[in-house]
1. Check B:ILE131 against each of (1) within 16 Å of the ligand (Cβ to nearest atom); (2) under 30 Å from A:MET19 (Cα atoms) and name the one condition it does not meet.
2. For A:VAL39, indicate whether it is free of Cβ contacts under 8 Å to residues at least 12 places away in the same chain and crowded, with 20+ Cβ neighbours inside 10 Å.
3. Across region B:105-125, what is the number of residues that are buried (at least 19 other Cβ atoms within 10 Å of the Cβ) and either within 13 Å of another protein chain (Cβ to nearest Cβ) or among the aliphatic types (A, V, I, L, M) (or both)?
4. Among the residues of region B:238-261, count how many are touching a residue at least 60 places away in the same chain (Cβ under 8 Å), more than 16 Å from the ligand (Cβ to nearest atom) and either assigned to a loop (DSSP other than H, G, I, E, B) or charged (D, E, K, R) (or both).
5. How many residues does region A:157-188 contain that are assigned to a strand (DSSP E or B) and within 14 Å of chain B (Cβ to nearest Cβ)?
6. Can you name the strands (runs of 3 or more DSSP E) wholly within region B:29-111 that have at least 2 residues being over 18 Å from B:THR12 (Cβ atoms) and touching a residue at least 24 places away in the same chain (Cβ under 8 Å)?
7. Report the residue count in region B:8-28 for those that are of a type outside the set (Val, Ile, Thr) and in a helix (DSSP H, G or I).
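We did not get these values from a lab; they are worked out from the coordinates using the rules stated. A quick note: this is a predicted structure, and the numbers were derived from the prediction, not measured. Cβ sites come from the backbone with ideal geometry, for glycine too, and all protein chains shown count toward neighbours.
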Amino acid sequence: MTLLSLPSRTDRDLYPALMSPQLCAKYPADHKAFVRIDVSLRVYWHTLFDICPELLELSGPDGMSIFRPFMAWAGEKKLAFDWSYYLWVYVWLRESPFKDRLLADGKYLRSIMGASAARWAVLDRGRNCGLVIGCADSTDFVVGWKCRSVRFGREIELIAPEEPLPAPPDIFGYFTLPTFELDIFPGWQSLAR
Amino acid sequence: MRLGFNFTLGDTYDMVQRLIAERHIDYCEFLIDNFFCVEPDELAKAFDCPIGLHIMYSKFLEADRPTLVDFAARLRDYIDALNPIYVSDHILHFTHEERAFFHLGEVDYSREYEFVRDKVLEWQELVGQRIHFENYLSIMDGGVEAPAFFERLMKETGAGVLFDASNAVCSNRNCGTPFEAWRNVIASARHFHVAGYRNSLIEPFISLDTHAEALAPDTLAFLEDFRSVFDKPGATMTYERDDQIEFDDVVADLKLLRNLFGESEEKRHDLAISA
Ligand SMILES: [Fe+2]
């Protein structure tokens, strides 16, 4: 094992690197700290590509031509990596060389919006029951519902409204639902970073 | 030792019913904050067995007070409706500089002790009862400080430890924390977890609590060596499985645990009455 000049006594010494492929590269590959960081980065990778495998068609099978530059961009923007993780990937892709292929097929956007709605439904601990996500690139929207019965999990709905809602002012907008009814449109909120 | 199974989402509902009906388990552990939109009464009627409540995302080290007050109020409704055997939570960092970890961060046991102790006191006061905090799987060498940290925390806050035996096995493999160092913690703990783990994909290998495979031989050996320290009146051990959940595989592991610990006291009592 190579001697390491960077502190690595505890997880805490590695926190910034746990979400940064560039910082990871500063650790020697045969050191436990590198493996620890690699484990963390793999979870970000799998959270993206296991849930939205279509994206691998754009990037190639290892996903790295999306993953590495996206994570670097996310680091600069200090993205919170909350439920909106996937939506920010779309925002980045829209500015990337993948843009034309991304916009040519609606399946990427549907997968991304569904993934973010599901992540909210699984991880949010506020009192709201549902989350609606809309996108300026589509009139369809996606609703994520939290688990409402002991027998079922969260549910995701893709809705193609007969009367489209106004487009969100940014690429994405969202609003939350205080009950299990989709009966309000309080206007779109912009994504927080 | 009473044996239980972790119930995290609806997919395993029928399987848990069968585990209860066939008496492979004696209680069920809800990952309770996954069910905050399900009526407490519905949860109370879901399974005909005692219940433990395990909290995943209170984030009590990081959340602001109004958020914690609201979380505690909702949790309280479930505690009142379900009268759980125990309530447990995690001492972990979920974010760094407000950016979320997807693989959670261990606390620094020496530098953050006072901070954690004060938060634990505040959190128990808000929830209105004793909470059992789970030991995390350590990877880096600072993990050897975990046993002393938990001992001191119990003494100074009245909190309990939900001792995860396979996390201790992983810590032993990853950073050499001796099993013997946990003896006092295990002796004072009444609630336990156990699960499978696997190695990282790259070397030098580290062991990770994947909850997706069978119990490892070294986990079973650890339980066997410390059997009398684990087992005590009222003790519970939850078998955690979050992936690759096959009924027969789960039952095979539960049977190993049953053989190791024998029938639970409560069940022996039951049998005596019906005999
Ligand atoms: Fe556990």
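1. Among (1) within 16 Å of the ligand (Cβ to nearest atom); (2) under 30 Å from A:MET19 (Cα atoms), the lone unmet condition for B:ILE131 is (2).
2. So A:VAL39 fails the test.
3. 7
4. Total meeting the criteria: 2.
5. 2
6. Passing ranges, in order: B:87-90, B:93-96.
7. 9
This table checks each residue for (1) away from the ligand (no atom under 16 Å from the Cβ); (2) surrounded by 18 or more Cβ atoms within 10 Å (Cβ to Cβ).
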| site | (1), (2) |
| --- | --- |
| B:ARG152 | yes, no |
| B:PHE179 | yes, yes |
| B:SER188 | yes, no |
| B:ASN199 | yes, no |
| B:SER207 | no, yes |
| B:PRO217 | yes, no |
| B:PHE226 | yes, yes |
| B:THR236 | no, yes |
